[in-house]
Amino acid sequence: MARKISAPRGTHDLLPEEAPTWERVEAVVRDLSSRYGFERIDTPIFERIELFARGLGESSDAVEKEMFRVSGAKGSEEERSEWALRPEPTAGIVRAYIEHGMHVRPSPLRLWMLGPMFRYARPQAGRYREFTQWDVEVIGDPGPMVDAELIELAHRFYAEVGLRGVVAHLNSIGDMVCRARYRDALTEYFAPLSSRLSADSQRRLQVNPLRVLDDKDLDPELAAGAPKALDYLCEACREHFEGLRELLGRLGVRYEINHRLVRGLDYYALGGGGRYDGLIEVLGGRPAPAIGFGLGIDRTVIGAQKQQVTLPARTPLVAVVSASPDDAPRRLEVATALRDAGLRVRTDGLSRTLSKQLEAAAKAGARWAVLLGEPGLARATLRDLESGDQQDLALDTLAAEVVRAVDHRTPSRGSK
Ligand code: AMP
């Protein structure tokens, strides 16, 4: 036998048994994106590496070590460019916004995207090299109203997916001016303590001291004593933040202030987001205030599975089986007619006895079976596979009868 090939490290296959939970979460994503008035955008999965480097800031982990590089074909012009699989969605969306002159569209612009992201980090539980994010972006609104709206949206997303106990963590690191003052204060605080910091944090202290707070190995005592960003906000940023808190209160969204939240790319959470008011300018567009979030779909699904969230009922599955093992063409014909009537139907072309066919139908999750008798017979039997009840139906009105029976007799239940 040929050598088997396994999936790349840090990726995971979506197997059929997991699919209903994924589909449920994706359905909530699409529904909420539309209900909140967002328009869909899709951008390429790979872009020039420089886009992400500028978008994320050179000192972020994603640029230093998490970029998943791809190369063009040998000898091509592309080969000289450096490419990467997107580690996050915002840079690509902002690139598209600038490239297509979207600033002339009615403002604020509300965009959403669902798709895979790639980070070349060491894989661990809940941390993959390929994962999926739901992303929303609002460009052209300075907040704080829209900030509250997006936090409420994320909150509703988890509630509609069925996750319990999700809490928003909130912080403000201010604008360019107050952030600079805060950075200085952090440097002053951590510099004399640098021997108690991890090697990673010692390096971060030089390039971006905010990221020291993001280090999960940071001594809690040092973290507790560190200057707090909220104490360094300028008047405008303080008002913005207070306005946001007031609105969240009015909308009934639960949150906690988290002084260590500085939005690093490696923050371990279900989802994250924030304002990026300076990014469009950094990427060569006209300045515009902007905000967005990226919610991790993989971690949401893991959470839903852990909490054993019940999924909404699916349309019941009908199996078409026949008394004669070799009657597959007729099974297919009847299945097709039932599908024409909108039913969810499975059948197969294997040559098996009726009892084997029924056994396979039950294993596949069928709730109903249509049993075809000997060829030439104008009648069929509809069997409720749960109760065993049967009814005899005429073949020429079969589809309508099955639709009626399935509608009336199938109580709603969790999907299989
Ligand atoms: P970030 O862009 O880092 O703020 O990430 C937003 C969300 O995406 C996180 O809260 C996670 O739910 C998810 N996420 C980020 N990185 C990974 C990863 N490597 N594997 C799985 N999910 C991830």
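When every alpha-carbon pair in the range 79-237 is counted, what percent end up more than 20 Å apart? If you can, show how the numbers build up before the last one.
Values: 8605 of 12561 pairs.
Roughly 69 percent, once rounded to a whole number.
Using label points projected 7 Å from each Cα along Cα→Cβ, tell me how many nm separate Ala378 and Arg80, to one decimal.
7.9 nm
So if each residue of separation counts as 0.36 nm, and I subtract the Cα-Cα distance between Val70 and Asp184, what length gain in nm does that give?
Numbers: separation 114, 0.36 × 114 = 41.04 nm, distance 3.74 nm.
Between Val70 and Asp184, full extension yields an extra 37.3 nm.
Among Ala290, Ala226, Ala366, whose mean-square fluctuation peaks in a Gaussian network model of the chain (Cα, cutoff 10 Å)?
Comparing Ala290, Ala226, Ala366 in the GNM, the peak value goes to Ala366.
Tell me the mean residue ellipticity at 222 nm calculated for the chain from its helices only (DSSP H runs of n ≥ 4, each -39500 (n - 2.57), averaged over every residue, nearest 500).
Working: 14 runs with 152 residues, N = 416.
Rounded to the nearest 500, it is -11000 deg cm²/dmol.
When a/c is below 1.5 the answer is rounded, else prolate if a/b is larger than b/c, else oblate, so apply that to the range 1-140 with a ≥ b ≥ c taken from the square roots of the Cα gyration tensor eigenvalues.
Judged from the Cα gyration tensor, the range 1-140 comes out oblate (a/c at least 1.5, b/c at or above a/b).
Which whole-number percent is the relative contact order of the chain (Cα, under 8 Å, 6+ apart)?
Relative CO of the chain lands at 15 percent.
Taking 7 Å along the Cα-to-C-beta vector as the label spot, tell me the Ala159-Glu333 distance in nanometres, rounded to one decimal.
Rounded to a tenth, the inter-label distance reads 5.4 nm.
Pop out the ³J(HN,Hα) list for the range 92-107 in order, Karplus 6.51 cos²θ - 1.76 cosθ + 1.60 with θ = phi - 60°, rounded to Hz; leave Gly and Pro as x.
My calculation for the range 92-107 gives x, 5, 5, 4, 5, 4, 6, 4, 9, x, 6, 5, 7, 6, x, 9 Hz in order.
Of Pro8, Ile151, Gly272, which is farthest along the charge dipole of the chain in the positive direction, counting Lys and Arg as +1 and Asp and Glu as -1 at C-beta?
So the residue we want is Pro8.
Run the dipole for the range 80-148 about the Cα centre, Lys and Arg Cβ at +1, Asp and Glu Cβ at -1, nothing else charged, and hand back the magnitude in debye, nearest 20. Before the final figure, lay out the partial values.
Details: 9 positive and 8 negative charges, 67 e Å.
Result for the range 80-148 is approximately 320 debye, rounded to the nearest 20.
Rounded if a/c is under 1.5, else prolate if a/b beats b/c, else oblate: with a ≥ b ≥ c from the C-alpha gyration tensor eigenvalues square-rooted, which is the range 317-408? Please report the intermediate quantities before stating the final value.
Details: a/c = 1.39, a/b = 1.14, b/c = 1.22.
Judged from the Cα gyration tensor, the range 317-408 comes out rounded (a/c under 1.5).
Taking Lys228 as the anchor, which aspartates and glutamates have their alpha carbon closer than 14 Å to its alpha carbon, excluding any fewer than eight residues away along the same chain?
The reachable aspartates and glutamates, counting only those whose Cα sits under 14 Å from Lys228, are Asp184, Glu188, Asp214.
Roughly speaking, what is the stretch gain from Ser198 to Met176, that is 0.36 nm per residue apart minus the C-alpha to C-alpha distance, in nm to one decimal? List each step's numbers first, then the result.
Working: separation 22, 0.36 × 22 = 7.92 nm, distance 2.71 nm.
Result for the pair: 5.2 nm of gain on full extension.
How would the range 155-199 be classified by its alpha-carbon gyration tensor: rounded, prolate or oblate, with rounded meaning a/c under 1.5 and the a/b versus b/c comparison settling the rest? Kindly include the intermediate steps, with their values, before the conclusion.
Numbers: a/c = 5.59, a/b = 2.03, b/c = 2.75.
It comes out oblate by the Cα gyration axes.
Percent antiparallel among DSSP beta bridges with both residues in the range 317-408, to the nearest 5? Present the calculation step by step, with values, prior to reporting the outcome.
Values: 10 of 18 bridges.
About 55 percent, rounded to the nearest 5.
Length gain on complete extension for the stretch Gln307 to His259, per 0.36 nm per residue less the alpha carbon to alpha carbon distance? Kindly include the intermediate steps, with their values, before the conclusion.
On the way: separation 48, 0.36 × 48 = 17.28 nm, distance 2.84 nm.
Here the segment from Gln307 to His259 would lengthen by 14.4 nm.
Taking other Cβ within 10 Å of each residue's Cβ, how do Arg164, Arg352 sort, fewest first?
Arg164, Arg352
Compute for the chain: radius of gyration divided by Kirkwood radius, i.e. Rg/Rh, restricted to C-alpha atoms, rounded to two decimals.
Numbers: Rg = 27.7 Å, Rh = 25.3 Å.
For the chain, the value is 1.10.
Explain nothing, just the number: dipole magnitude of the chain about its Cα centre with +1 on each Lys and Arg Cβ and -1 on each Asp and Glu Cβ, in debye rounded to the nearest 20. Let's see the in-between values first.
Details: 58 positive and 61 negative charges, 162 e Å.
Roughly 780 debye, rounded to the nearest 20.
Explain nothing, just the number: relative contact order of the range 317-408, from Cα pairs under 8 Å at least 6 residues apart, as a whole percent.
Details: 151 pairs, mean separation 27.0, N = 92.
Value for the range 317-408: 29 percent.
Along the charge dipole of the chain, Cβ charges K/R +1 and D/E -1, which of Ile93, Leu295, Tyr182 sits furthest on the positive end?
Checked the options; the winner is Leu295.
For the residues Tyr232, Tyr36, what sequence is obtained by ranking on other C-beta atoms within 10 Å, fewest first?
Values: Tyr232 22, Tyr36 17.
So the ranking, lowest neighbour count to highest, is Tyr36, Tyr232.
Since every read-out is calculated from the coordinates, none of them should be taken as a lab result. In this text the structure is predicted, and so the values were computed from the model without any measurement. As a convention, Cβ positions derive from the backbone with ideal geometry for all residues, glycine included, and neighbour counts pool all protein chains shown.
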